[in-house]
1. Report the charge-dipole magnitude of the chain in Debye, nearest 20, computed about the Cα centre from +1 at each Lys and Arg Cβ and -1 at each Asp and Glu Cβ.
2. Mean Kyte-Doolittle of at least 1.6 and a Cα length of 24 Å or more along the axis: which whole DSSP H helices of the chain meet both?
3. Going by amide H atoms built from the backbone, whose H comes under 5 Å of the H on Ala55, apart from near neighbours?
4. If we count other beta carbons within 10 Å of each Cβ, what is the order of Met1, Met70, fewest first?
5. Which shape class applies to the stretch 5-234: rounded if a/c is under 1.5, otherwise prolate when a/b exceeds b/c and oblate if not, where a ≥ b ≥ c are the square roots of the Cα gyration tensor eigenvalues?
6. Within straight cross-link reach of Lys29, meaning Cα distance under 26 Å, which lysines are found once same-chain residues fewer than 8 apart are removed?
7. Skipping prolines and chain starts, which residues have an amide H placed within reach, meaning under 5 Å, of the one on Gly211, given they are 5 or more residues away or on another chain?
8. Step through the residues of the stretch 29-34 one at a time and calculate ³J(HN,Hα) from phi using the Karplus curve (6.51 cos²θ - 1.76 cosθ + 1.60, θ = phi - 60°), rounding each to whole Hz and writing x for Gly and Pro.
Amino acid sequence: MTARVALVTGGTGGIGTAICKRLADMGHKVATNYRNEEKAKAWQAQLKSEGYDIALAKGDVTSADEAEAMVREVERQLGPVDILVNNAGITRDGTFHKMTAQQWQDVINTNLNSVFNVTRPVIEGMRDRKWGRVIQISSINGLKGQYGQANYAAAKAGMHGFTISLARENAKLGITVNTISPGYIATDMVMAVPEEVRAKIVADIPTGRLGTPDEIAYGVAFLADDRAAWITGSNLDINGGHHMGW
Ligand code: NDP
């Protein structure tokens, strides 16, 4: 297998950490972004103690300038980015009739505009080199909607439109573009949901449990593989059967 350079946004988070490790296990050189240097260095040291060497580049994905600088820094440290995983994301939940413009904009900027900001400085190099993997981490709620998440569901659904358009534009150039839609995963984002609400969510999942970050990372590894070259413009549902849509 060819060793590549991978950039995972939000790599220090629950799912991101598992993706960084999986891609490193595949033999790739992996980088992620950070906003808080101290927190990121502690994360990097923890992974180092587990045998993982993950590069760090400063960058807030809501800023096009910072995202571009982050990509250039990754290129400087590791080389051109071959695998991009747009994973950074936040929630700012609230029913729409009470949602503030700030809640809406924060989520759209972090979860959707970030995809433009980070993919734009990466895509031309992939086109020149005629190989690339662009993977969006969307959400089950971008497919089926969720009470209190009009902002989040809109951003996550937007990732699908982006994916299928970028896939078409680059299909002949060895670049695949796909989306993964995780169901509920046991990370800080989901553990922050009140326990009684979480219990109702779990009761609705056919497998009867939350997913693990590595179960999402496994999907990323699959789509990033050379052998996944004919999978493009797809959405991979990884949700324990929670949403079975066609
Ligand atoms: P976490 O909250 O654990 O991690 C989020 C990561 O995104 C952190 O590394 C965070 O960095 C980073 N991040 C947030 N905002 C920015 C920003 N403006 N610029 C740069 N980095 C930023 O989330 P999860 O691991 O649970 O989620 C990862 C992705 O998976 C998200 O897109 C989420 O929507 C999606 N998802 C998660 C599900 C779940 O059940 N957990 C279900 C479905 C989808 P920092 O430390 O600086 O805040």
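No value in this document is a laboratory result; all are computed from the given coordinates. These numbers come from a predicted model, not from an experiment. Cβ atoms come from the backbone with ideal geometry, glycine included; neighbour counts cover every protein chain shown.
1. The calculated dipole for the chain is roughly 360 debye.
2. Span-like helices in the chain: none at all.
3. So Ala55 has HN proximity to Val30, Ala31, Thr32.
4. In order of increasing Cβ crowding within 10 Å: Met1, Met70.
5. It comes out rounded by the Cα gyration axes.
6. Lys21, Lys39, Lys41, Lys48, Lys58, Lys130, Lys172
7. Residues meeting the amide H criterion: Tyr184, Ile185, Ala186.
8. 8, 10, 10, 9, 9, 8
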